[in-house]
Amino acid sequence: MKKVGNHNSISRNLILSLALMLTISLTSFAQEAAPATAAPATDVAATPAAAPAAGGDAVKGKELFNANCAACHKLDAKATGPALRGVANKYDMAWIYKWVKNSSELIKSGDAKAVKIYEEYNKSVMTAFPQLSNADIDNIIAYTSEVKAEAPAGMAVVDGGLQAKDENAISNNVILGFLVTVMLLLIVMLFLVYNMLNRIASSKGLEVVKKENPILGLGRAFVRNQFLVLVSAIFLLLASGYFVYGYLSQIGVDQNYAPIQPIHFSHRIHAGSNGVDCKYCHSAARVSKNAGIPSLNICMNCHKNIAEVADTTATPEYSKAFYDGEIQKLYTAVGWDKSTQKYTGKTKPVKWVRIHNLQDFVYFNHSQHVSVAGIECQKCHGEVQTYEIQKQFAPLTMGWCIDCHRQTDVKMEGNAYYDKIHKELSKKYGVDKLTAAQMGGLECGKCHY
């Protein structure tokens, strides 16, 4: 029987050729099926606005509205007060001037319209704005008289933006199904070609020469060399011990742990853009061992009147519609009906996922570090004002705490006890400033008891 070379090389060439053809065809298909490019919102012509009331300037009115009215009013939804779009069509300007400048006086006079609004909105007293002139109010009314912009024909609202509709767009599921079918056909074809080549070789009496696997030959040579086997065994034992020690050392260390929470809370927006102090929400950190989880009532201090975020808050990853939806989750949890501005009494607990979790045998007191030592939250929790999703910044290991105690100077100001002991210990250690470690911060009983 004649011996021939391994015909697997032929099948290999066929595989490469088919793979190349598949790549070219998929590339061209993906280009044809690509969705239409989203048109930026700035390219869409705005809906024509109604004529400004009393000749007011809508641009200046928007500035005045945001500065004076936006805390309690929205254009198209009820808040603490009524929606203000088109308010000029409901009341005459003379009445609006009186209402804006001193609503309480108008209510006391028994004005039917004023009393009705006062009763309808839970007897909430509107702040008086005597500093606003009639011209300023005209400008605000001009802004509220603008017609709400609607998405033009052929456009769809996607993630808070406008995107062109493609009536002939192919579903992603159809494309995926097509690609899977093509791959299955290629596998079947390769299997058939392989069997056909084997049958041709058998029918012509050809024997395929199988070469010895070079890896097996190298393995036999390695086993015969006893010195090399001994050195390799020692190396593997040492390497295994090193990696096992490293693995065991990381148990319970969750640095950079950033779980998804049931309600998306952006520290970037609250602590960063709006400058909310950490201890406003985590007030227990001043006086307690634990910083505590802020109650939803704290959230509602602001979000009772903030039902949606500003357009500038959105990012490429998180749209305005996404943030507004998360605020709605808060309303659902506390049972707040933003349309009636009342609590429904139907609440739903929020199951927050804990991020920082020390072992049970470790004692840590927030108030001792925050109130006594005056340490900033960022020292242990990182630049939280930049975090979109909160994460564990520090490893929270014993070594990390000890290093901090060795490097941090104790603040003596305003503490008579520290003034006395500082003089004695400074003389003992021969230093001007004492660290937490020199004040007993490395004693085992400080953290373990």
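Count, please, the residues in the stretch 291-331 that happen to be assigned to a loop (DSSP other than H, G, I, E, B), open to solvent by less than 90 Å² (accessible area, probe 1.4 Å), within 23 Å of V353 (Cβ to Cβ) and not aliphatic (A, V, I, L, M).
5
If I ask for residues that are surrounded by fewer than 16 Cβ atoms within 10 Å (Cβ to Cβ), in a helix (DSSP H, G or I) and either among the hydroxyl-bearing types (S, T, Y) or without any contact (Cβ under 8 Å) to a residue 40 or more places away in the chain (or both), which ones from the stretch 399-414 would you list? Step through it out loud before you land on a result.
Start the filter on the stretch 399-414 by keeping residues that are surrounded by fewer than 16 Cβ atoms within 10 Å (Cβ to Cβ), which leaves 399-400, 402-403, 406-407, 409, 411, 413-414.
Still in the list and also in a helix (DSSP H, G or I): 399-400, 402-403, 406-407.
Across the stretch 399-414, the qualifying residues are G399, W400, D403, R406, Q407.
Please enumerate the residues belonging to the stretch 95-134 that are open to solvent by 60 Å² or more (accessible area, probe 1.4 Å), of a type outside the set (S, T, N, Q) and assigned to a helix (DSSP H, G or I).
K98, K101, E105, K108, A112, K113, K116, E119, E120
Among the candidates I375, I389, which residue alone is open to solvent by 50 Å² or more (accessible area, probe 1.4 Å) and either part of a loop (DSSP other than H, G, I, E, B) or within 30 Å of T315 (Cβ to Cβ) (or both)? Give the steps one after another, and end with the answer.
Working: I375 fails: open to solvent by 50 Å² or more (accessible area, probe 1.4 Å).
Among I375, I389, only I389 is open to solvent by 50 Å² or more (accessible area, probe 1.4 Å) and either part of a loop (DSSP other than H, G, I, E, B) or within 30 Å of T315 (Cβ to Cβ) (or both).
Taking the conditions exactly as written (touching a residue at least 40 places away in the same chain (Cβ under 8 Å), charged (D, E, K, R) and buried (at least 18 other Cβ atoms within 10 Å of the Cβ)), does K74 satisfy them or not? Lay out the reasoning, then the answer.
On the way: touching a residue at least 40 places away in the same chain (Cβ under 8 Å): yes; charged (D, E, K, R): yes; buried (at least 18 other Cβ atoms within 10 Å of the Cβ): yes.
Yes: the conditions hold for K74.
Only one of Q359, Q438, Q368 is open to solvent by 70 Å² or more (accessible area, probe 1.4 Å), polar (S, T, N, Q) and assigned to a helix (DSSP H, G or I); which?
On the way: Q359 fails: assigned to a helix (DSSP H, G or I); Q438 fails: open to solvent by 70 Å² or more (accessible area, probe 1.4 Å).
Step by step, each of Q359, Q438, Q368 is checked, and only Q368 is open to solvent by 70 Å² or more (accessible area, probe 1.4 Å), polar (S, T, N, Q) and assigned to a helix (DSSP H, G or I).
With the requirement that a residue be among the small types (G, A, S) and either open to solvent by 70 Å² or more (accessible area, probe 1.4 Å) or part of a helix (DSSP H, G or I) (or both), what does the stretch 332-354 give you?
A333 - this is the single residue of the stretch 332-354 that is among the small types (G, A, S) and either open to solvent by 70 Å² or more (accessible area, probe 1.4 Å) or part of a helix (DSSP H, G or I) (or both).
Checking G414 against (1) touching a helix residue (DSSP H, G or I) at 6+ places or on another chain (Cβ under 8 Å); (2) more than 19 Å from Y363 (Cβ to Cβ); (3) modelled with pLDDT under 90, only one condition comes out false. Which one?
G414 satisfies all of (1) touching a helix residue (DSSP H, G or I) at 6+ places or on another chain (Cβ under 8 Å); (2) more than 19 Å from Y363 (Cβ to Cβ); (3) modelled with pLDDT under 90 except (1).
Here is a check on your reading of the model: is A142 open to solvent by 50 Å² or more (accessible area, probe 1.4 Å) and hydrophobic (A, V, I, L, M, F, W, C)?
Numbers: open to solvent by 50 Å² or more (accessible area, probe 1.4 Å): no; hydrophobic (A, V, I, L, M, F, W, C): yes.
No, not satisfied.
Restricting attention to the stretch 56-71, which residues are surrounded by fewer than 17 Cβ atoms within 10 Å (Cβ to Cβ) and part of a helix (DSSP H, G or I)?
Once the filter is applied, which keeps residues that are surrounded by fewer than 17 Cβ atoms within 10 Å (Cβ to Cβ) and part of a helix (DSSP H, G or I), the stretch 56-71 yields V59, K60, E63, N66, A67.
Does the stretch 180-224 hold any residues that are outside any helix (DSSP H, G or I) and open to solvent by 70 Å² or more (accessible area, probe 1.4 Å), and which are they?
Within the stretch 180-224, K204, E207, K210, K211, E212, N213 qualify.
Filtering the stretch 250-281 down to residues that are touching a helix residue (DSSP H, G or I) at 6+ places or on another chain (Cβ under 9 Å) and either without any contact (Cβ under 8 Å) to a residue 40 or more places away in the chain or acidic (D, E) (or both), which residue is surrounded by the most Cβ atoms within 10 Å (Cβ to Cβ)? First the steps, then the outcome.
First, the residues of the stretch 250-281 that are touching a helix residue (DSSP H, G or I) at 6+ places or on another chain (Cβ under 9 Å): 262-281.
Of the ones still in play, those that are also either without any contact (Cβ under 8 Å) to a residue 40 or more places away in the chain or acidic (D, E) (or both) are 270, 274-277, 280-281.
Working: H270: 19, N274: 12, G275: 8, V276: 15, D277: 11, Y280: 13, C281: 21.
Among those that are touching a helix residue (DSSP H, G or I) at 6+ places or on another chain (Cβ under 9 Å) and either without any contact (Cβ under 8 Å) to a residue 40 or more places away in the chain or acidic (D, E) (or both), it is C281.
Somewhere in the stretch 81-91, is a residue under 32 Å from the mean Cα position of the chain (by Cα), at pLDDT below 85 and of a type outside the set (S, T, N, Q)?
yes
Output the number of residues of the stretch 225-243 satisfying the condition of being open to solvent by less than 80 Å² (accessible area, probe 1.4 Å) and assigned to a helix (DSSP H, G or I). Before the answer, list the steps.
To start, the set of residues in the stretch 225-243 that are open to solvent by less than 80 Å² (accessible area, probe 1.4 Å) comprises 225, 228-229, 231-233, 239-241.
Among the residues that remain, those that are also assigned to a helix (DSSP H, G or I) are: 228-229, 231-233, 239-241.
Selection size over the stretch 225-243: 8.
Taking the stated definitions as given, is Y280 part of a loop (DSSP other than H, G, I, E, B), at negative phi and hydroxyl-bearing (S, T, Y)? Break it down into steps so the answer makes sense when it comes.
Details: part of a loop (DSSP other than H, G, I, E, B): no; at negative phi: yes; hydroxyl-bearing (S, T, Y): yes.
No, not satisfied.
The values are calculated or read from the model by the stated rules, or taken from the named source; none is laboratory data. Small disclaimer: the values here were computed from a predicted structure and weren't measured. When we count neighbours, we look across all protein chains shown, and the Cβ atoms used for this are built from the backbone with ideal geometry, even at glycine. Side chains included, ligands, DNA and RNA excluded: accessible areas come from the protein's heavy atoms. Shrake-Rupley method; radii C 1.70, N 1.55, O 1.52, S 1.80 Å.
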